[in-house]
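Enquirer: My questions will all concern the structure given below.
Throughout, read-outs are computed from the coordinates displayed, never taken from laboratory work. If you're wondering where the values come from, they're calculated on a predicted model, not measured in any experiment. For neighbour counting, all protein chains shown are included, and Cβ atoms are generated from backbone atoms with ideal geometry for every residue, glycine included.
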Amino acid sequence: MKKINLEMSQDQYEKLVETVFLGTWMVNSTQLELDESFEDVRNLVLSKYNEAGLEGKITYQEPFDVHDLAVEYENELLDNYVEEYDEFSFWDKLVEKLAEKELIKEFGPLPDSLTEKMIAKSVQYEEKIGKELEERGLTNLNLNA
């Protein structure tokens, strides 16, 4: 197997650590079992923490041969990136699903590939619903059981 070497600054390494942590978190956060291929890469990247002077941000658990982010650093990344992403994706997905519901009301069951007319209508619904949710939040949302 061919080996790849990267040369980077300490700041670049720290961004790589954050990127690998966030990517691995995204992949594994919804899984019952960890994707070991992602975990292996994460562990490899984190293993260089001494060279980058990140002893306070990354720890090594010798009994398990695993490198982890310090709890405070991990929480900081989750607060800074994941919370904002979750909030944005929630509203984005909600608008998308509500627009899809309106499309189904108008056109019936949707085909795998939407027609140009359906796409245009979907965009109209998304804009209308997005504006309504932005102005009023969930106060006008009704659920019919």
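Enquirer: Among the candidates Tyr49, Tyr60, which residue alone is surrounded by 11 or more Cβ atoms within 10 Å (Cβ to Cβ), in contact with a His (Cβ under 9 Å, 6 or more places away or on another chain), of a type outside the set (D, E, K, R) and in a loop (DSSP other than H, G, I, E, B)?
Expert: Criteria check complete, one pass: Tyr49.
Enquirer: When you look at Glu76, is it assigned to a helix (DSSP H, G or I) and either surrounded by 15 or more Cβ atoms within 10 Å (Cβ to Cβ) or in contact with a Leu (Cβ under 8 Å, 6 or more places away or on another chain) (or both), yes or no?
Expert: Judged against the criteria, Glu76 is not a match.
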